[in-house]
Amino acid sequence: MESAPIASWHDYVGLFLVALATLMYEILLTRIFSVTMSYHFAFMAISLAMFGLTLGALSVYLHPDDYNRVRLRPQLALSSLLFGIFAVLSFLLHCVVRFDPEPSWEGVGTVVFTYVVMLFPFVFSGICVCAALTKFPRQLSRLYAADLAGAAAGCVLLIYTLKITDGPTTVFVVALLASVAAGLFAADEDSK
């Protein structure tokens with residue numbers, strides 16, 4: 001524990017923003033899926049988020065050397081940036097590919113394709129959140145509080161964001177928040 005890195009305010013705010021953007025995106029996908037697919041596919045977003053976050057956390061657990069003291073903050077910055085990029089790319093791909101839930105090979109293929117494509121943002125979010133929570137053991141309780149506060153703020157912020165804009169534009173807001181988090185993690189690395 002003596003050699004563990006110390007989290008700075010950049011790390012707290014970055015984790016807050018990633019958690020905020022993740023919850024905004026998850027809830028937003030329930031609305032988007034109910035329009036683009038069908039109402040009973042709306043809650044697929046919840047399983048996407050849970051599975052993707054778990055895959056990201058598993059990646060951190062299986063590759064601990066990628067998150068050592070030297071590489072931790074660049075990895076946090078990269079994973080949060082990739083979360084934002086893939087949130088936009090997967091949404092655009094989802095809008096372009098025709099969803100066909102009919103009981104056929106093509107129908108099953110479109111459901112699987114949609115699930116896999118929409119999974120990527122949550123995997124990168126899971127990497128960032130897990131690395132931030134496990135690699136700063138001295139501040140775990142305060143980092144977890146920042147994570148929970150960000151998630152709660154994301155739920156509330158989505159309501160107000162959707163009052164002034166639409167669903168597709170909100171995906172770009174999510175990507176912007178994740179990119180700001182990446183900038184904070186990267187700025188913290190530059191200050192060391």
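The values are calculated or read from the model by the stated rules, or taken from the named source; none is laboratory data. Keep in mind it's a predicted model, so treat the numbers as computed, not measured. Please note: Cβ atoms are built from the backbone with ideal geometry, for glycine as well, and neighbour counts cover all protein chains shown. Side chains are part of the model used for accessible areas, which takes the heavy atoms of the whole protein and leaves out ligands, DNA and RNA. Shrake-Rupley method; radii C 1.70, N 1.55, O 1.52, S 1.80 Å.
So the values come out like this:
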| read-out | value |
| --- | --- |
| Among 47-59, 16-28, 71-83, the order from most to least packed when residues are scored by Cβ within 10 Å on average | 16-28, 71-83, 47-59 |
| Cα gyration tensor category, rounded, prolate or oblate, for segment 85-132 with a/c compared to 1.5 | oblate |
| Two-decimal ratio, segment 128-192, of alpha-carbon radius of gyration to 2.2 N^0.38 Å | 1.32 |
| Whole-number D in µm² s⁻¹ for segment 89-174, Kirkwood Cα-pair radius fed into Stokes-Einstein, 10 °C, 1.306 mPa s | 102 µm²/s |
| Degrees, to the nearest 10: 105-134 long Cα axis against longest axis of the chain | 20 degrees |
| Peptide ranges 36-42, 92-98 listed from the most packed, as the mean C-beta count within 10 angstrom indicates | 36-42, 92-98 |
| Helix axis angle, 9-36 relative to the chain longest principal axis, alpha carbon, degrees | 10 degrees |
| Calculated FRET efficiency for the pair Thr54/Arg98, C-beta based, R₀ 30 Å, to 0.05 | 0.55 |
| 1.4 Å probe accessible area per residue over segment 19-88, in Å² | 48 Å² |
| Helical contribution to [θ] at 222 nm, DSSP H n ≥ 4, -39,500 (n - 2.57), averaged over the chain, rounded to 500 | -28000 deg cm²/dmol |
| Within-13-Å neighbourhood charge of Pro64 [Cβ basis; K, R +1; D, E -1] | +1 |
| Acute angle (nearest 10 degrees) that the helix 140-164 long axis makes with the longest principal axis of the chain, alpha-carbon atoms | 40 degrees |
| Principal axis box of the chain, alpha-carbon based, largest edge first, Å | 57, 37, 25 |
